[in-house]
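A.B. asks: Sharing a structure here in structure tokens format.
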Amino acid sequence: MPRQQRKKSNSGYYHVMIRGNDRKNIFLDEEDKQNFIEILYQKKQENIYLLHAFCLMDNHVHLMLQEGEVNIANIMKRINISYVHYFNKKYKKIGHLFQDRFKSEGI
């Protein structure tokens, strides 16, 4: 069964949620959280989105962002791929870190 198409926000603002696979932690120490924050700001500096707020929990993340030149799916793809590459290299793991696709709600 195909996935449902993501609903586009009229305002371009989104509440985005990503969670660890099997609800496992995606941040194992403070360095991991700091690296994720650096990735958020690095991608933000590339003018692909505006970041208004974030909340990092051990096993999930909440973001409030606004699309810029790039749509929400590509924004999250860039952020997630960068972090998964860092995480898997640091902890010598392979495979998925995040559960399913990210969830988003238009604001």
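A.B. asks: On average, how much accessible surface per residue is there in the chain, in Å², for a 1.4 Å probe, leaving out ligands, DNA and RNA?
C.D. replies: The answer is 66 Å² per residue.
A.B. asks: Hey, another quick one. Taking the chain as a Gaussian network, where each spring joins two C-alpha atoms under 10 Å apart, which residue of 44, 89, 77 fluctuates the most?
C.D. replies: Sorting by GNM fluctuation, first place goes to 89.
A.B. asks: Tell me, what HN-Hα J-couplings in whole Hz come from the Karplus equation 6.51 cos²θ - 1.76 cosθ + 1.60 at θ = phi - 60° for each residue of segment 89-97, using x for Gly and Pro?
C.D. replies: 5, 5, 9, 6, 10, 9, x, 6, 10
A.B. asks: Separate question: Please calculate the 1.4 Å probe accessible area of residue 57, with all protein chains present, and give it to the nearest 10 Å².
C.D. replies: Residue 57 has an accessible surface of roughly 80 Å² with all protein chains in place.
A.B. asks: While we're here: Compute the acute angle (0 to 90°) between the alpha-carbon long axis of helix 30-45 and the principal axis of greatest extent of the alpha-carbon atoms of the chain; round to the nearest 10°.
C.D. replies: 30
A.B. asks: Counting only C-alpha contacts under 8 Å and six or more residues apart, can you give the relative contact order of segment 6-107 as a whole percent?
C.D. replies: 46
A.B. asks: Have a look at 55, 94, 70 and report the one farthest towards the positive end of the charge dipole of the chain, computed about the Cα centre with Cβ charges (Lys/Arg +1, Asp/Glu -1).
C.D. replies: In the chain, that residue is 94.
A.B. asks: Please report, as a whole percent, how much of the solvent-accessible surface of the chain comes from carbon and sulfur atoms (probe radius 1.4 Å).
C.D. replies: 50
A.B. asks: A further question follows. What is the list of residues in segment 54-72 whose amide nitrogen lies under 18 Å from a point 7 angstrom out from the Cα of residue 96, following Cα to Cβ?
C.D. replies: 59-61
A.B. asks: On to the next question. Let me know the charge dipole size of the chain about its Cα centre in debye, to the nearest 20, where only the beta-carbon of Lys, Arg (+1) and Asp, Glu (-1) is charged.
C.D. replies: The calculated dipole for the chain is roughly 460 debye.
The values are calculated or read from the model by the stated rules, or taken from the named source; none is laboratory data. Please read all numbers here as calculations on a predicted model, not as lab measurements. Note: ideal-geometry Cβ built from the backbone for every residue, glycine included; neighbour counts use all protein chains shown. Keep in mind that these areas ignore ligands, DNA and RNA; they rest on the heavy atoms of the full protein, side chains included. Shrake-Rupley method; radii C 1.70, N 1.55, O 1.52, S 1.80 Å.
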